[in-house]
1. Any chance you could count the Lys pairs in the chain whose alpha carbons are under 21 Å apart, treating pairs 8 or more apart or on different chains as valid?
2. Please check the chain for the longest run free of chymotrypsin sites (Phe, Trp or Tyr not before Pro) that are loop-located per DSSP (anything but H, G, I, E, B) and have at most 15 other Cβ atoms within 10 Å.
3. Between Ile24 and residues 5 or more places away or on another chain, which pairs have amide H atoms under 5 Å apart, with H built 1.01 Å from N, and which residues are they?
4. So what is the relative contact order of the range 8-261, in percent, for Cα pairs below 8 Å that sit 6 or more residues apart?
5. Using a cut-off of 14 Å between beta-carbons, work out the net charge of the residues near Thr63 (Lys and Arg +1, Asp and Glu -1, Thr63 not included).
6. Where both residues lie in the range 8-261, what percent of DSSP beta bridges are antiparallel, nearest 5?
7. Near the amide H of Phe226, under 5 Å away, which other amide H atoms are found, from residues 5 or more places off or on another chain, if H is placed in the peptide plane?
8. For the range 164-242, which trypsin sites (Lys or Arg not before Pro) pass both filters: DSSP loop (anything but H, G, I, E, B) and at most 16 other C-beta atoms within 10 Å?
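What follows draws every value from the coordinates through simple rules; no lab data is involved. Keep in mind the model is a prediction, meaning the values are calculated, not measured. Note that we place each Cβ from the backbone using ideal geometry, even for glycine, and neighbour counts take in every protein chain shown.
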Amino acid sequence: MQASADKTAIKVRDFSFRIGAKEILRNVSFRVEQGQYLAIVGPNGAGKTTLLKCLDRILTGGTGRIEVFGRPLKGYRQRQLARRISYVPQAEGHLWPYTVEQFVLMGRYPYLSPFSTVGKEDRRLVRRTLEQTGTAAFADRMLRTLSGGERQKVLIAAALVQGADVLLLDEPTTFLDYHHQTEIRKLLCDANTRSGVTVVTVTHDLNHAVLESDRIVALREGRVVFDGRPGEIMNPEVLGEIYDTPFVLVDHPQSDVPVIVPSLPSRETP
């Protein structure tokens, strides 16, 4: 990973983005510091996934400014950007016709020229990442034979072996059982705390967002409506402004930050 004198990894200033006539993001501004764990939350349709794709230049265009380590995003060549930012998309049905090891090895593409072969160091990094992510046991299996949780770990392994400074993830634990959710979250926390990777994750799970992240940005209708510490968002009034629905909060037995519990539905007696 590359070092920078400036401690800001990503800076977004007055950024707006349209798809056709629809404005998806509206004057979005926030920053992500190096080594930070940032969670992006908000209701469906708030623009969270669009924002993540704009940060990795999967979607291009828009107005305003996005900087990556002090340099305009549009000034990066693709391989240069891939050494700075890696991206893990939402879980999807498409299965690539590769083994796990082949797929993870593709994460080394930013360091290979079109005519170069995979080197010993690349293979060593892949093997190490497979071990670290608990995916080495099925390195020779085809992706289509894996469970959803196993595939998600492979996607994260491919992003980590890319060696980028920033890891962007779009709802990495959606549709996973509690066991696989725990494994994925441990992978992300280890990458952040042990390897110094800056993590930016979109999530609908507010409880885990406040318990694991350093900071939270909340979007609603394409605008930033909250940007602050996790404990500050766990307020019924703040949450009500973001989601337009009431919340019930309780103290967490292992944290000084409260968490959300389901409210009981009102039942009409016959």
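1. Final tally of qualifying lysine pairs is 10.
2. Formally, the longest exposed-site-free interval is 1-97.
3. Phe17, Arg18, Ile19
4. 26 percent
5. Numbers: positive: Arg13, Arg18, Arg26, Arg65, Lys74; negative: Asp14, Glu23.
Combined, the nearby Lys, Arg, Asp and Glu give +3.
6. Around 60 percent antiparallel, to the nearest 5.
7. Amide H neighbours of Phe226, under 5 Å, 5+ apart: Ala218.
8. Values: sites: Arg185, Lys186, Arg194, Arg215, Arg220, Arg223; in loops: Arg194.
Hits after loop and neighbour filter: Arg194.
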